[in-house]
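This report refers to the structure that appears directly beneath it.
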Amino acid sequence: MSTPVETTTTFDIPDGQTRDGTSMTRTPRRTTWASAPATESELLLEREWLATNGLGGYASGTISGACTRRYHSLLIAALPAPLGRMVMFNHLAEELKFSDRSILRLDWDEPLSIDEARMDQRFGVVAGASGEFTMESGLPVWRYTHGAYRIEKRVVLPHLQNTVLVAYKVLAAPEPIRLRLRPSFHFRAHEAAVSDGSALPYTVAALERRVEIRSEKAPPLRMFVVADESSLVLDGGRTRTLHYRLERARGYEFEGEVWSPGYFRVDLAEGEEAVLVGSTEDWDTVLAVNPDAIFASERQRRDRLLSQAGVSQGEPFVQELIHAADQFIIRPNTRTADRAVAQASGDDARTVIAGYHWFTDWGRDTMISLEGLTLATGRHAEGGYLLRTFGRYVRDGLIPNLFPEGHKEGLYHTADATLWYFHALHRYLETTGDRATLEQLLPTLRDIVDHHVRGTHYGIHVDPDDGLLSQGADGYQLTWMDAKVADWVVTPRRGKAVEINALWYNALRLMQRWTKEVGDDAASQAIAARADQAAESFHRRFWYADGGYLYDVVDGEQGDDAALRPNQLFAISLDYPILDESRWAPVLEKVKETLLTPVGLRSLAPGHPDYKATYDGDLRCRDAAYHQGTVWGWLIGPYIDALLRVYPDQRDEARRALDGFVHHLSEACVGSISEIFDAEEPFLPRGCIAQAWSVAEVLRCLRKTSAE
């Protein structure tokens, strides 16, 4: 039997103001449940929430409060290198005690067995209790009801602070309620195994109702409760084991100890509120926290995001994605020197977290996401910050593939991220007309082209015989299809990949245009000749006549690869399509017939010997399926671009291709879009619960297909 759980998708407009005084949508999705004896529930363990702080730090968990991932925590702080992001505040046991001595637990507090999750034992112990979860303006809110009692809980991370506030307000209560909060800790890098014990031992410093948890391996965590009357009870400490069941399913260590020094206690009457504050900031900053002001300023900031984007009341799906997009744009707090250099020149630094929970900032993901995250949302200045930030990272003609957690320097093993940089810059210039940024970056862009022509790292070079761009090096995965397990590169794609050459041609045509605009006609003509050569060779080499579509790779390690993949769409979808127009429709129809799903495109056509229908199991099993059929949400973007290029009058069909994501925002990470999905029905969400380019491309296409 399952716990009675009802999910609804509504678009209420209960509060909040736009710039013209009308109400903003605040509660578009609602999950409700009622607890009954001897019942079990999976839904409240499967659905997750995410809140971020604009620095790369975050809070995340299940609706139930149970920790099922190593990344579930009420505060994962983004700390300067070499620390990186660290789990600081793992779990919060929440207990309400009523005048009749009955108890309502708001979380799954007790050690959760691997195969059982009895709702009656851990969640809503009081008979007749019920709950509701919503994401309001992108922030998690719980409301609990027990008879005449109603309690609300909210979580917020103040923008640009490694601080979390957990607020409890009694909406209705015939008599006062006692709230008891027991925080538990396991300081560790957020990617570290849950069994990691390097932070031990902990020490505690307490003054009145304030407590500071210390370890030699991390900065101290400072905590206190803001309430009229509260007390701190240090009871000698308590250690218990948590079972992270999703870590077990993913093939990782799944049992780890958390430690608590005691608990906070506060009595609340109707209308009263208590706010638990946890922070790695200094005490002066922490004690200056005014919960009412922080919640109000965060609501205002989020309303400004909608206003800045020019979104209307009739676009609730767009509103949700604007709030989701905000989670990925960050100031790189772990690389303080980079921020200092940017600010010294009157600029600012920005980057993009590729996905929560485990990705850092990746060059490719940032450039693909830039238009949807910044230009489609009216955040043009931040788009400029991103481009100029990555311009400072260019080395030997490449932008970084990624910045490893806790490191100051990037890794450069990518053949396509740098080419996406040209695309992102072009879309930014078309939107903003910011010629100053173009002039600043143009010497860097020339250097990039020169390095690619001469040859740079990882075998990235232009073949002088045909003008096509080739790439590949043993042990590296250089395209976006980048799965690797130990020494096994699952989809190496060494040689001349179809999307790499589509991107190279697009970059050349853009450079032809930009050099001409600055009066360098000789350079423009030379680049044009190079682009013409690449186009002629592409038409001759990449057309797979027997299949009526494009090869995925030519001149590969084993010859030409005719696997039917979505990469060929970029030969149509980019601003300067390399594919001859006469072949656009056949390629598009083949992709539509074999790869299109309600939540993106399959990475490989069914029927191929390497096709995998599901993405699950341990790391090796998952990576074997990662690009071998698994659906990628972000690919809906180039599909829609190609569709509208081939059939400009099919705007309605393009919009319908996004409908599957409306439902998806109620599952996995509520209010966001997952990284990937299984290749067959029911297209279960997999991978990261919130992915930058998934959100960005769906949002961009929503704005594009709704344009007049």
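Structure values in brief
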{"read-out": "Number of positions in region 393-436 that are closer than 15 Å to ILE460 by Cα and polar (S, T, N, Q)", "value": "3"}
{"read-out": "Which numbered condition LYS484 fails, given (1) closer than 20 Å to ARG541 by Cβ; (2) touching a residue at least 24 places away in the same chain (Cβ under 8 Å)", "value": "(1)"}
{"read-out": "Any hit, region 386-400, residues being in contact with a Lys or Arg (Cβ under 8 Å, 6 or more places away or on another chain), β-branched (Val, Ile, Thr) and closer than 27 Å to MET86 by Cβ", "value": "yes"}
{"read-out": "Number of positions in region 557-580 that are in contact with a Lys or Arg (Cβ under 9 Å, 6 or more places away or on another chain) and assigned to a helix (DSSP H, G or I)", "value": "6"}
{"read-out": "Filtered residue count, region 575-617, keeping only those that are crowded, with 21+ Cβ neighbours inside 10 Å, closer than 24 Å to HIS664 by Cβ, in contact with a His (Cβ under 9 Å, 6 or more places away or on another chain) and not hydroxyl-bearing (Ser, Thr, Tyr)", "value": "2"}
{"read-out": "Lone qualifier among ARG364, ARG379 - being at pLDDT 95 or above, more than 23 Å from PRO158 (Cβ to Cβ) and not assigned by TED's automatic domain parsing to the domain that holds GLY56", "value": "ARG364"}
{"read-out": "Single unsatisfied condition, GLU581 versus (1) touching a residue at least 12 places away in the same chain (Cβ under 8 Å); (2) farther than 30 Å from ARG435 by Cβ", "value": "(1)"}
{"read-out": "Criterion violated by LEU635 - all others in (1) outside any helix (DSSP H, G or I); (2) modelled with pLDDT of 95 or more; (3) not charged (D, E, K, R) satisfied", "value": "(1)"}
{"read-out": "Any pair with Cβ under 9 angstrom, 6 or more apart, that starts in region 425-440 at a residue that is not assigned by TED's automatic domain parsing to the domain that holds SER345 and ends at one that is part of a loop (DSSP other than H, G, I, E, B)", "value": "none"}
{"read-out": "LEU469 vs. criteria in contact with a helix residue (DSSP H, G or I) (Cβ under 8 Å, 6 or more places away or on another chain) and closer than 20 Å to ILE572 by Cα", "value": "yes"}
{"read-out": "Enumeration of residues in region 262-306 that are of a type outside the set (Val, Ile, Thr), closer than 18 Å to GLY54 by Cβ and out of contact with any His (no Cβ under 9 Å at 6 or more places or on another chain)", "value": "GLY278, SER279, GLU281, ALA293, PHE295, ALA296, ARG299, GLN300, ASP303, ARG304"}
{"read-out": "Residue that is surrounded by the most Cβ atoms within 10 Å (Cβ to Cβ) [pool: residues in region 396-421 that are of a type in the set (Asp, Glu) and farther than 21 Å from MET481 by Cβ]", "value": "GLU405"}
{"read-out": "Checking TRP108 against (1) in a strand (DSSP E or B); (2) modelled with pLDDT under 85; (3) of a type in the set (Phe, Trp, Tyr), the condition it does not meet", "value": "(1)"}
{"read-out": "Residue count, region 413-446 (criterion: under 28 Å from ALA376 (Cα atoms) and either part of a loop (DSSP other than H, G, I, E, B) or at pLDDT below 95 (or both))", "value": "5"}
{"read-out": "Qualifying residue in region 314-330 (condition: over 30 Å from SER706 (Cα atoms), assigned to a loop (DSSP other than H, G, I, E, B), touching a residue at least 12 places away in the same chain (Cβ under 8 Å) and of a type outside the set (S, T, N, Q))", "value": "no"}
{"read-out": "Condition check for LEU635: of a type outside the set (Gly, Ala, Ser), touching a strand residue (DSSP E or B) at 6+ places or on another chain (Cβ under 6 Å) and either surrounded by 20 or more Cβ atoms within 10 Å (Cβ to Cβ) or not assigned by TED's automatic domain parsing to the domain that holds PHE133 (or both)", "value": "yes"}
{"read-out": "Criterion violated by VAL554 - all others in (1) hydrophobic (A, V, I, L, M, F, W, C); (2) touching a strand residue (DSSP E or B) at 6+ places or on another chain (Cβ under 6 Å); (3) in a helix (DSSP H, G or I) satisfied", "value": "(3)"}
{"read-out": "Complete set of residues in region 243-262 that are under 19 Å from ARG180 (Cβ atoms) and either touching a residue at least 60 places away in the same chain (Cβ under 8 Å) or among the hydrophobic types (A, V, I, L, M, F, W, C) (or both)", "value": "VAL258, TRP259, SER260, GLY262"}
{"read-out": "Residue selected from region 493-522 under the condition surrounded by fewer than 23 Cβ atoms within 10 Å (Cβ to Cβ) and assigned to a loop (DSSP other than H, G, I, E, B), by the criterion nearest to the chain's Cα centre (by Cα)", "value": "VAL518"}
{"read-out": "Region 331-369: number of residues that are farther than 23 Å from LEU665 by Cα, outside any loop (DSSP other than H, G, I, E, B), out of contact with any strand residue (DSSP E or B) (no Cβ under 6 Å at 6 or more places or on another chain) and touching a residue at least 24 places away in the same chain (Cβ under 8 Å)", "value": "8"}
{"read-out": "Conditions (1) modelled with pLDDT of 95 or more; (2) of a type in the set (D, E, K, R); (3) within 20 Å of ALA51 (Cα to Cα); (4) out of contact with any Leu (no Cβ under 9 Å at 6 or more places or on another chain): number failed by GLU132", "value": "(1)"}
{"read-out": "Search result, residues across region 299-313 that are surrounded by fewer than 19 Cβ atoms within 10 Å (Cβ to Cβ) and assigned to a helix (DSSP H, G or I)", "value": "GLN300, ARG301, ASP303, ARG304, SER307, GLN308"}
{"read-out": "Residues of region 67-84 satisfying the condition of being touching a Lys or Arg at 6+ places or on another chain (Cβ under 6 Å) and among the aliphatic types (A, V, I, L, M)", "value": "ILE76, ALA78, ALA81"}
{"read-out": "Options LEU242, LEU171, LEU179; residue that is of a type outside the set (D, E, K, R), modelled with pLDDT of 95 or more, crowded, with 19+ Cβ neighbours inside 10 Å and in a strand (DSSP E or B)", "value": "LEU179"}
{"read-out": "Selected residue (criterion: surrounded by the fewest Cβ atoms within 10 Å (Cβ to Cβ)) from residues of region 523-541 that are touching a Lys or Arg at 6+ places or on another chain (Cβ under 9 Å) and farther than 13 Å from ASP466 by Cα", "value": "GLN525"}
{"read-out": "Complete set of residues in region 425-444 that are out of contact with any Gly (no Cβ under 6 Å at 6 or more places or on another chain) and crowded, with 22+ Cβ neighbours inside 10 Å", "value": "LEU425"}
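This table checks each residue for (1) buried (at least 24 other Cβ atoms within 10 Å of the Cβ); (2) touching a Leu at 6+ places or on another chain (Cβ under 6 Å); (3) free of Cβ contacts under 8 Å to residues at least 40 places away in the same chain; (4) assigned by TED's automatic domain parsing to the domain that holds TYR611.
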{"site": "GLU653", "(1), (2), (3), (4)": "no, no, yes, yes"}
{"site": "VAL662", "(1), (2), (3), (4)": "no, no, no, yes"}
{"site": "ALA668", "(1), (2), (3), (4)": "no, no, no, yes"}
{"site": "PHE677", "(1), (2), (3), (4)": "yes, no, no, yes"}
{"site": "GLU680", "(1), (2), (3), (4)": "no, no, no, yes"}
{"site": "GLY687", "(1), (2), (3), (4)": "no, no, no, yes"}
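The values are calculated or read from the model by the stated rules, or taken from the named source; none is laboratory data. These figures come from a predicted structure and were not determined experimentally. Cβ atoms come from the backbone with ideal geometry, glycine included; neighbour counts cover every protein chain shown.
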